[in-house]
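Only one structure is covered here, and it is reproduced in the block below.
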Amino acid sequence: MLNSLLNPYYLQIGMFVLINAILGISIYLTLATGQLSLGNAGFMSIGAYSSALLTIKLGLPVYLAIPTGGMASVLIALIIGFPALRLNGLYLAIATLGFGEVVRVIFLNLKITNGALGISGIPSLNVLTGNVLSALGLGDGFGGLSLQQISNCAVLLILFVILVLLLFFTRRLGFSRVGRAFAAIKADETAAQAMGINTTYFKILAFILGAFIAGVAGGLSAHLTFYIGPKDFDYHRTVEIFIFAVFGGSNLVWGPILGALLLTLLPEFLRAASDYRMMIYGAILVAMMAFRPLGLISEETVRFWRTKLGRRSSK
Amino acid sequence: MKLFSEGHFLKGVAVIALSGMLLSVAGCGKTSSPTATAPVANQEAKIGVISFLSGGGAAYGEAIKQGLDMAKEELNAKNKIKINLLYEDSRGEKTDAINAANKLVNKDSVVGIIGPTLSGEMFAVGPIVNGAGVPIMGTSTTAEGITDIGEFVFRNALPESVAIPSAVKKAVDKYKLKTVALMYSNNNDFAVSGYKTFEKAVKDSGLQIVATETFADKDTDFSAQLTKIASLKPDAVMVSSLYQEAALVLKKARELGIKVPFVGGNGFNSPQLMKIAGTAAEGALVASPWFPAKDDANVKKFVEAYKAKYNKVPDQFAAQAYDALYIMSAALDKSGSATDRKKLRDSLAGIKDFQGVTGKFAFDAQRNPVMEATVLLVKDGQFTEFK
């Protein structure tokens, strides 16, 4: 039973779910200040390429390369953040979408990124943890599980820990002065400014945090999929990340995470429908927008279940 | 406004984790039956297919599927080891291809995999499948370095590194070329890889490159590049791109009075080229492993049957997929097992003197195909053999 549950297929999907959930958090952070930034795929690609190149060309260990990739995204976010965040709403969305395309075209034309051919043979997290585990004497597996399963589980656990840490951080942030400032800016930017909140500072901060998390997620995904090419980070990717937030609900951090979970699992569940798979997927998205335009989880939902569950437990 | 107190944080994490687990368990219930090993008496080999079945490149995936389906029907009518094909769609996306491969390898327990369609997908899928010890064979993955992934990775797609030099060599011999101009689409991995091969082949033949011009996929205006090339008067122009751009390049070039031969990469190898470029396509050269009008009994039979079934002439993707399944099946017969992946790999690696519709076929030590390309010339709106 355990053995079939820990099938590498499920574990792999689990990894994609967690990566997408991390991306969901990254877009949630910018949305928390009411900024519609669609540069996440761009930041993701900067993280992915930096991390892949650092490990391949310079031999940097993966656990250093991934955060460095995140920092590279932060650097770029700082440079483009100041001019971009003078814009609002749709204008910002278009500017950041453009930024993502610019990054993609740059990677497409650079020699070091191997242009359209992309980078293959990226050191894989699975293999690396596998090596560590076999050095620990688990080379032949453990308790009926193969080495591959154990190392996949280990990677899954690492990703889960990263996600939980990010979640914890985001939740703490929400209750801090910074989080209150974010919420104030989201509610009304002019009013927030009148109350003495340095809106530029907080908007840039949210932008940079989002960029860092997207960069880290990009690095993680590069080291999980062996290969990256410019095509992996086009605007489809951005839209996909954005849909996590729209589908799950963007007011609470649980929304994008739930969105990422469901929308990553859905195409796999629908594999049985073969030809109709993407049609059903699309239909579900449309139905969702028609019946729950604010996303699956909103403050209302939480309040509703809280009172309902609260009443039941008091009986 | 405190919607989730700190105590609820962990609860939230737990709920999400639990629902994830429940969902995957639910998916798990269906799995147990197909993993059972096939009985020896009536052997059935499960072969997975990862293909680009929906999205922008679905035409390729569809042709591959038709070629495979036809080969399967013919093989199952006569062979002892019956073949069961399990199709998974990759949508041309890397992550989808990875999920598909993992499903086929771990859940469906296939003995081998045919696909995926794109080289980029193979770079992502190859290491996983290779690591799991499952033979995988690409039918359309032409990029350099595919089989370097590992010893379980095969391809029967004629790599451009074989096709392009043979086209260049034939053109040089026939037209006594001295100077050439190169053109390629720089945002397409396939075209860039083809360009690199062109460059090498041209240099190896001792030709002088007078100009290298680039464009991008979906470009429609090539006048700047071609005006420059026209002024340099090369003996031939080599183009590496997909057929859409190639056809428009040809059209514009003829308009500008460039009458020299054009040598193309695999992108030229499509009837669409003549459809779009019309008479401008005359004189274009391309090396192809597949030539439907070839004077060969095998080819004729295949084209007839394909026409009867799908009402069109099979293209290169269909032909290579058709051969791929025959090669797989020959290897399965030789290994004598419908489930042993290692045996299948070894007998695949030993395939030689295989006669398919794309010609005589063998794998070299690097598991790349050893086969001959036919150089085709567009003449009167048709591909004809260039001799």
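The values are calculated or read from the model by the stated rules, or taken from the named source; none is laboratory data. Computed from a predicted model, the values in this text were never measured in an experiment. Cβ: placed from backbone, ideal geometry, glycine included. Neighbour counts: every protein chain shown. For accessibility, only protein heavy atoms count, side chains too; no ligands or nucleic acids. Shrake-Rupley method; radii C 1.70, N 1.55, O 1.52, S 1.80 Å.
The figures follow:
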| item | result |
| --- | --- |
| Alpha-carbon centroid distance for the pair region B:219-237 / region B:321-387, whole angstrom | 38 |
| Computed magnitude of the charge dipole of region A:2-233 (debye, nearest 20; Cβ of K, R +1, Cβ of D, E -1) | 400 |
| Nearby lysines by direct alpha-carbon distance to A:LYS111 (threshold 28 angstrom, same-chain neighbours under 8 apart not counted) | A:LYS57, A:LYS231, B:LYS94, B:LYS196, B:LYS200, B:LYS203, B:LYS218, B:LYS228 |
| Candidates A:ILE208, A:ILE27, A:ILE56, ranked by Gaussian network fluctuation over chain A, Cα under 10 Å, top entry | A:ILE56 |
| Cα long-axis angle, helix B:119-131 against chain B (0 to 90 degrees, to the nearest 10) | 40 |
| By accessible area with a 1.4 Å probe, ligands and nucleic acids excluded, highest first: order of B:SER335, A:SER4 | A:SER4, B:SER335 |
| Nonlocal amide H pairs with A:ILE297, under 5 Å, H built at 1.01 Å | A:GLY249 |
| Cα Rg, Dmax, region B:254-330, angstrom units | 15.3, 51 |
| Chain B: most fluctuating residue of B:GLU245, B:GLU74, B:GLU151 per GNM, C-alpha cutoff 10 Å | B:GLU74 |
| Global geometry of the protein assembly as shown, whether rounded, prolate or oblate, following the gyration tensor of its Cα atoms and the 1.5 cut on a/c | oblate |
| Shape box of region A:2-233 [Cα atoms, principal axes, largest first, Å] | 65, 42, 26 |
| Solvent-accessible area buried by B and A, counting both chains, probe 1.4 angstrom, square angstrom | 4300 |
| Ellipsoid semi-axes in whole angstrom, largest first, where each is sqrt(5λ) of the Cα gyration tensor of region B:86-243 | 37, 17, 10 |
| Three-way shape call for region A:192-315 based on the alpha-carbon gyration tensor, with the a/c threshold at 1.5 | oblate |
| Listed residues B:PHE291, A:PHE269 arranged by accessible area, highest first, probe 1.4 Å | A:PHE269, B:PHE291 |
| Segment A:VAL239-A:MET278, extension gain: residue separation times 0.36 nm, minus the distance between their alpha carbons | 12.5 nm |
| Accessible carbon and sulfur surface of region A:143-282 relative to its total accessible area, %, 1.4 Å | 68 |
| Nearest-20 debye value, chain B charge dipole, Cβ charges on Lys, Arg, Asp, Glu | 300 |
| Residue-normalised accessible area of the protein assembly as shown, given per residue in Å² at a 1.4 Å probe | 43 |
| Heavy atoms of A:ILE19 accessible to a 1.4 Å probe, total area in Å² rounded to 10 | 0 |
| Candidate residues A:LYS231, B:LYS309: accessible-area rank, largest first, probe 1.4 Å | A:LYS231, B:LYS309 |
| Highest-MSF residue in chain B out of B:LEU86, B:LEU377, B:LEU325 [GNM, Cα springs under 10 Å] | B:LEU86 |
| Solvent accessible area, Å² - A:TRP254, 1.4 Å probe, full protein context | 10 |
| Surface accessible to a 1.4 Å probe, A:ILE297 within the full protein complex, Å² | 30 |
| Percent accessible area from carbon and sulfur atoms, chain B, protein chains only, probe 1.4 Å | 54 |
| In degrees, nearest ten, helix B:223-232 long axis to first principal axis of chain B (Cα) | 50 |
